[in-house]
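Shown next, in C-alpha cells, is the structure this report addresses.
The values are calculated or read from the model by the stated rules, or taken from the named source; none is laboratory data. Just so it is clear, the structure is predicted and the values come from calculations on it, not from any experiment. Positions of Cβ are backbone-derived with ideal geometry, glycine not excepted, and every protein chain shown enters the neighbour counts. We work out accessible area using only protein heavy atoms, side chains counted, and drop any ligands, DNA or RNA first. Shrake-Rupley method; radii C 1.70, N 1.55, O 1.52, S 1.80 Å.
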Amino acid sequence: MSTLTHPEIEKKKDFLPLNGTDYVEFYVGNARQAAYYYRAAFGMSLVAYAGPETGLRDRASYVVQQDKIRFVITTPLRPDGEIAGHIHRHGDGVRDVALWVDDARQAWKETTKRGARSILEPTIQKDEYGTVCISTVATYGDTVHTFVERKDYSGPFLPGYRAIPSDAQARPAGLRYVDHIVGNVGWNEMNRWVDFYRDTMGFELYQHFDDKDISTEYSALMSKVMSNGNGRVKFPINEPAEGRRKSQIEEYLEFYHGSGVQHIALATDDILKTVALLKQQGVEFLSVPRSYYAELEARVGKIDEPLDELERLGVLVDRDEEGYMLQIFTRPVEDRPTLFFEIIQRKGSRSFGKGNFKALFEAIEREQAARGNL
Ligand code: FE2
C-alpha cells in the first residue's frame, strides 16, 4: 500500500451555497396586529396566510412581503408548545432566519455533519403548486436557520398557505432586500458563534470591530461580520464589552433572556424617500444630535444628498475607501428594548457604518437612560 499523500490543491468548495435570505419568521403575541404594523408602517403587502381556516390547528401565520423582503408573522393559538414558550421567554422576536438553497437535504447534511444541531430533518411538503423541501438547524439562543428548497414550487409561499390576491392596507416604501441580520450573543460568546458560522456554515470573516471602535463614555461592544461565499448573506455577531455602565447589548440580553437577533437591515435605493414615507407611516427612529451634521461634511466629504434633508430625517452617513453609505435605525419595535430595524442605502461602500457607531450609541444610551437601564 502506498502511503504517499498529495498536498491539498483543490480550490475550497462552498459546501453551503446560499441564494439569499428566504424569509424571517417572528413569533409574536398577536400576529394579526403585528402583520398590520409591518403592512401599514413598513409598507409590506400581505401575500399569504395559514391558520385554522387552512387546516392549521395550533397557529396562525401571516406572510408579508416587499420586493425581496419576506417576513412570516406567527402566533400560537394555545398556551403550550414551542411558539408560546418562545414568546413567554423572549417577548416578540425573531425565531427563524430562513435561507434559500437549491438543495435543503444537502444543506442539512453538510451542516449537521459539521456539528450543527438538527431541529428538523429534511422534510418534503406538497400541495397543488408543487413540492418544497425544508430542513432546520439551530444557531445562537433559540434562533434557527431553516433551509428552503423551492425550485419545484410556484405557490405564494409554502405548501398549506393560502394566497392573498391583493392588499389594500400596504403602503410600499421602497424597501428592496435584507442587507444583513445582526445577532447579539452573551459575554465572551462572539468567537464561538463566529467559529460556528465559519466551520459549520462555511461563512468567512468579513470585517471586525473591537471595543476601541465601538465605545462611548459608558458602554462598549465587539462585533465580527460573517459573510457566506457569494456575499448575499451577512451576519454580524455582537457581544458586550466592559464599559463604565451597562451596554446596550447587555440590556438586550437581559430583556430578551439570552442571545437573539438584534436588528435587521433593509436596503433601499432612495433612503430620503423611504425614510420620509416610513416616518409619515408611524415608524419611530432614533434621533441624532445636531452636532453630528455640523461635523458631517468634514468627515465624509461631498455626497449627493442635501445635508439639510439628511439632518431633517436624521439619516447617518459613513465613508470608506470604496464609497459611502447612508443608514438610520428605528427604535425597538416592541416594548422590550430588543429587536429594531436599520434602513440602509449603499453607494459603493460595503461596510457597516463604523464612523457612526459613536453617534449612534450615544443616541441609544439616551433612550436606555430614559428606560432606567443605563
Ligand atoms: Fe447594521
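Observations, loosely collected:
- All positions within segment 143-155 that are surrounded by fewer than 16 Cβ atoms within 10 Å (Cβ to Cβ) and touching a residue at least 40 places away in the same chain (Cβ under 8 Å): 151
- Residue count, segment 351-369 (criterion: under 16 Å from residue 285 (Cα atoms), open to solvent by 20 Å² or more (accessible area, probe 1.4 Å) and in contact with an Asp or Glu (Cβ under 7 Å, 6 or more places away or on another chain)): 1
- Among the residues of segment 152-202, those identified as more than 16 Å from the ligand (Cβ to nearest atom), of a type in the set (A, V, I, L, M) and either more than 30 Å from residue 270 (Cβ to Cβ) or touching a helix residue (DSSP H, G or I) at 6+ places or on another chain (Cβ under 7 Å) (or both) are 158, 170, 173, 194, 201.
- Qualifying residue in segment 262-276 (condition: within 19 Å of residue 39 (Cα to Cα) and more than 16 Å from the ligand (Cβ to nearest atom)): yes
- Looking only at residues of segment 324-350 that are open to solvent by 10 Å² or more (accessible area, probe 1.4 Å), under 15 Å from the mean Cα position of the chain (by Cα) and in contact (Cβ under 8 Å) with a residue 60 or more places away in the chain, we find that the one that is farthest from the ligand (Cβ to nearest atom) is 333.
- Test for residue 116: is it small (Gly, Ala, Ser), within 17 Å of residue 61 (Cβ to Cβ) and not in a strand (DSSP E or B): no
- Flag for residue 146 being away from the ligand (no atom under 15 Å from the Cβ) and in contact with an Asp or Glu (Cβ under 8 Å, 6 or more places away or on another chain): yes
- Residues that are touching a residue at least 24 places away in the same chain (Cβ under 8 Å) and open to solvent by 30 Å² or more (accessible area, probe 1.4 Å), drawn from segment 273-292: 273, 276, 277, 279, 281, 282, 284, 287, 288, 289
- Cβ-Cβ contacts under 7 Å between residues 6 or more apart (or on different chains), taken from a first residue in segment 188-201 that is within 12 Å of residue 259 (Cβ to Cβ) to a second residue that is surrounded by 20 or more Cβ atoms within 10 Å (Cβ to Cβ) and among the basic types (Lys, Arg), are listed as 190/224.
- Counting only residues that are assigned to a strand (DSSP E or B), open to solvent by 20 Å² or more (accessible area, probe 1.4 Å) and more than 14 Å from the ligand (Cβ to nearest atom), segment 216-254 holds 1 of them.
- Annotation note: of 305, 284, 322, the sole residue that is within 25 Å of residue 170 (Cβ to Cβ) and touching a strand residue (DSSP E or B) at 6+ places or on another chain (Cβ under 8 Å) is 284.
- Subset of segment 156-198 (residues that are surrounded by 17 or more Cβ atoms within 10 Å (Cβ to Cβ) and among the polar types (S, T, N, Q)): 184
- Subset of segment 170-188 [among the charged types (D, E, K, R) and over 19 Å from the mean Cα position of the chain (by Cα)]: 171
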